[in-house]
Amino acid sequence: MVTTGTGLKESPMGFKLTQEQEDIRDMVRELAEKEFAPRAAEVDRNHRFPRENFELLAASDLCGLIFPEEYGGVGLDHVSYSIAVEEISKACATTGVMYSAHVSLTGAPVLQWGTEDQKQRFLAPMARGEKLGAFCLSEPGNGSDSAAAHCRAELKGDHFIVNGVKNWITNGIEADFYIVTAQTDPALKHRGLIALIIEKGSEGFTFGKLEDKLGIRGSSTCQVIYEDTPVPVANMLGKVGDGFKVAMSTLDGGRIGIASQALGIAQGAWDHAHKYSQERVAFGKTINQLQAIQFMFGEMQTEIDTARLLTYNACVAQDRGNRFTREAAMAKLYASEVAMRSTVKCVQIYGGYGYVTDYPAERYMRDAKITEIYEGTSEIQRLVLANTLLKGQ
Ligand code: CAA
């Protein structure tokens with residue numbers, strides 16, 4: 001398989017991957033091409049959660065890539081993380097979101113908001129890849145309006161009693177630790193929310209519908225149900241009222257993960273279409289010699305490289321430690337829309353063969369769509385951008 005995505009290795013603006021980042025890219029690319037790519041079609045066809053891919057990520061220390069060594073991690077930067085998500089998603093978008101939800105949506109908030117005890121109990125096993133994480137924010141009646149949560153948490157002694165249903169949970173039935181937002185006082189709206197870490201196997205914790213999805217079909221997406229589930233106060237991230245900020249700051253990081261997943265999907269589709277165009281003959285020559293096809297490749301790679309620059313920009317902003325809401329929203333908005341446009345063009349390059357499952361083009365197109373929806377739809381990213389740019393938030 002010809003892989004590209006190296007257009008940004010060095011740019012006139014002075015952007016250059018460090019040796020360490022290049023080493024990570026080469027290592028993850030080799031793992032993904034050898035292990036994830038060959039089973040991606042089967043995982044998709046059978047809606048099979050590829051647990052063995054998570055174990056391979058763990059064995060390569062990738063689950064703890066951005067977490068400090070004292071919590072079982074490797075302590076690398078977010079550009080390295082983005083590169084890892086892109087390379088994984090290029091081979092298998094299902095594995096890309098499994099990894100991103102584990103690292104960005106579950107490990108990262110424990111690192112940012114957790115107590116020392118929570119980091120030892122929850123972050124360290126996740127960083128070592130012994131436990132899998134999931135993030136439970138959306139509910140059946142509220143996806144975009146996160147503050148309107150109906151899931152309730154009532155304090156009884158040293159426990160919260162949790163009741164509610166969470167929807168669209170990535171890593172669904174497969175996870176071990178779940179970060180769950182719940183309302184303590186509806187009158188307080190977003191200021192009444194808390195974020196709790198709930199372990200699988202807790203009393204009253206069950207699963208609902210397993211979703212049958214258009215794309216990322218191997219990813220386990222389901223409803224999670226809490227009925228009088230007791231959760232120790234010691235499992236709360238931050239304090240009462242911090243839940244909304246925990247969720248929003250987590251999504252800032254998560255959106256970089258999804259931008260990187262979108263990059264991988266777009267670049268993966270490009271690579272496959274490019275290879276196909278070198279072999280497919282029409283009008284007496286391979287189709288990569290036709291200007292109509294050449295224009296598509298040029299346009300697509302320009303957009304993909306632009307998306308990669310925006311994504312790395314968000315990573316650098318995150319590494320600097322300041323709020324990076326705007327950079328993450330921009331990267332996610334642009335990269336996901338590029339993934340959709342690019343994968344549609346790749347199907348077009350394959351023609352009829354792009355529309356059947358014998359080739360991977362249609363899978364990339366189906367996988368791309370979700371990047372415009374989860375972790376904030378494109379409309380929500382535009383709203384976040386409007387708030388940060390025009391209202392100075
Ligand atoms: N970091 C820290 N604090 C933040 C923040 C951030 N990024 N964004 C907002 N806040 C704070 C604000 O400063 C404000 O604080 P105060 O109460 O102190 O004033 C508070 O939160 C409320 O902010 P807003 O008034 O801006 O909130 P809002 O309700 O008007 O809008 C929203 C928020 C942007 C619409 C938000 O609800 C949102 O992002 N919705 C989309 C949710 C989403 O992405 N869902 C996807 C589900 S997760 C998923 O897909 C997971 C998966 O498994 C893959």
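Could you work out Rg/(2.2 N^0.38 Å) for the chain, with Rg from alpha carbons only? Walk me through the numbers before you get to the answer.
Values: Rg = 20.8 Å, N = 393, 2.2 N^0.38 = 21.3 Å.
Here the Cα radius of gyration is 0.98 times the empirical estimate.
Starting from the 7 Å offset along Cα-to-Cβ, what nm value, one decimal, do you get for the label separation of residue 291 and residue 357?
Taking the simple label geometry, residue 291 and residue 357 are separated by 4.0 nm.
Treating the beta-carbon of each Lys and Arg as +1 and of each Asp and Glu as -1, no other charges, what is the dipole magnitude of the chain about its Cα centre, to the nearest 20 debye? If you can, show how the numbers build up before the last one.
On the way: 41 positive and 50 negative charges, 193 e Å.
That gives a dipole near 920 debye.
Measure nothing fancy, just the Cα-based angle from helix 78-91's long axis to the longest principal axis of the chain, in degrees from 0 to 90, nearest 10.
Helix 78-91 sits roughly 60 degrees off the main axis of the chain.
For the residue pair residue 47 and residue 61, what label-to-label distance in nm results when each label sits 7 Å from Cα along the Cα-to-beta-carbon direction?
Output for this residue pair reads 3.9 nm.
Under the rule of -39500 (n - 2.57) per DSSP H run of 4 or more residues, summed and divided by the residues of the chain, what mean residue ellipticity at 222 nm is obtained, to the nearest 500 deg cm²/dmol?
Values: 12 runs with 180 residues, N = 393.
So the helix-based figure for the chain works out to -15000 deg cm²/dmol.
Place a +1 charge on the Cβ of each Lys and Arg in the range 134-243 and a -1 charge on the Cβ of each Asp and Glu, then give the dipole magnitude about the Cα centre in debye, rounded to the nearest 20. Display every interim value, and only then the final one.
Numbers: 10 positive and 14 negative charges, 54 e Å.
My answer is approximately 260 debye.
Give me the angle, in degrees from 0 to 90, between the Cα long axis of helix 37-46 and the longest principal axis of the Cα atoms of the chain, rounded to the nearest 10.
60
State, as an integer percentage, the relative contact order of the range 134-243 based on alpha-carbon contacts under 8 Å between residues 6 or more apart. Before the final figure, lay out each step's value.
Working: 263 pairs, mean separation 34.7, N = 110.
Relative contact order for the range 134-243 comes out at 32 percent.
Could you calculate the FRET efficiency of residue 145 with residue 165 from 1/(1 + (r/R0)^6), where r is the beta carbon distance between them and R0 is 22 Å, rounded to 0.05?
Details: r = 16 Å, r/R0 = 0.72.
With a Förster radius of 22 Å, E is 0.90.
With an 8 Å cut-off on Cα pairs and a minimum separation of 6 or more residues, tell me the relative contact order of the range 19-132 in percent. Working shown, then result.
Details: 128 pairs, mean separation 36.4, N = 114.
Relative contact order comes out at 32 percent.
Can you tell me the order of 186-198, 347-359 when each peptide is scored by its average per-residue count of other Cβ atoms within 10 angstrom, highest first?
Packing order, densest peptide first, comes out as 186-198, 347-359.
Counting only residues 5 or more places away or on other chains, whose amide H sits under 5 Å from the amide H of residue 159 once H atoms are built in the peptide plane?
Long-range HN contacts for residue 159: 233.
Does a label point 7 Å from the Cα of residue 209, set along Cα-to-beta-carbon, have any residues of the range 215-232 with amide nitrogen under 15 Å, and which are they?
Counting backbone N atoms under 15 Å from the label point, the list is 221-225.
How much length, in nm to one decimal, is gained on full extension between residue 18 and residue 228, taken as 0.36 nm per residue of separation minus their Cα-Cα distance? Don't skip to the answer; put the middle values down first.
Working: separation 210, 0.36 × 210 = 75.60 nm, distance 5.02 nm.
Contour length minus the Cα-Cα distance gives 70.6 nm.
What does the charge dipole of the range 245-390 about its Cα centre add up to, to the nearest 20 debye, if the Cβ of each Lys and Arg holds +1 and the Cβ of each Asp and Glu holds -1? Don't skip to the end; give the middle numbers.
Details: 16 positive and 15 negative charges, 31 e Å.
Computed charge dipole of the range 245-390: roughly 160 debye.
To the nearest 10 degrees, how steep is helix 19-31 against the longest Cα principal axis of the chain, on a 0 to 90 scale?
The angle comes out near 80 degrees.
Taking the dipole about the Cα centre of the chain, with the C-beta of Lys and Arg at +1 and of Asp and Glu at -1, give me whichever of 71, 262, 36 is farthest to the positive side.
Value computed over the given set: 262.
Run the reach check for residue 239 against lysines, Cα to Cα strictly under 27 Å, same-chain hits fewer than 8 apart removed. What comes back?
Within the straight-line cut-off, residue 239 pairs with 119, 131, 156, 166, 189, 200.
Which whole-number value in Å³ per residue fits the convex hull of the alpha carbons of the range 134-243? Walk me through the numbers before you get to the answer.
On the way: hull volume 10.0 nm³, N = 110.
Given the Cα convex hull of the range 134-243, per-residue volume reads 91 Å³.
Students often check this: by mean Cβ neighbours within 10 Å, which of 262-269, 201-208 ranks highest, and how do the rest follow?
Going by the mean number of other Cβ atoms within 10 Å, highest first, we get 262-269, 201-208.
Every number here is computed from the coordinates shown, using simple stated rules; none is lab data. Just so you know, these numbers come straight off a predicted model, no measurement behind them. Every residue, glycine as well, gets a Cβ built from its backbone with ideal geometry; the counts of neighbours run over all protein chains shown.
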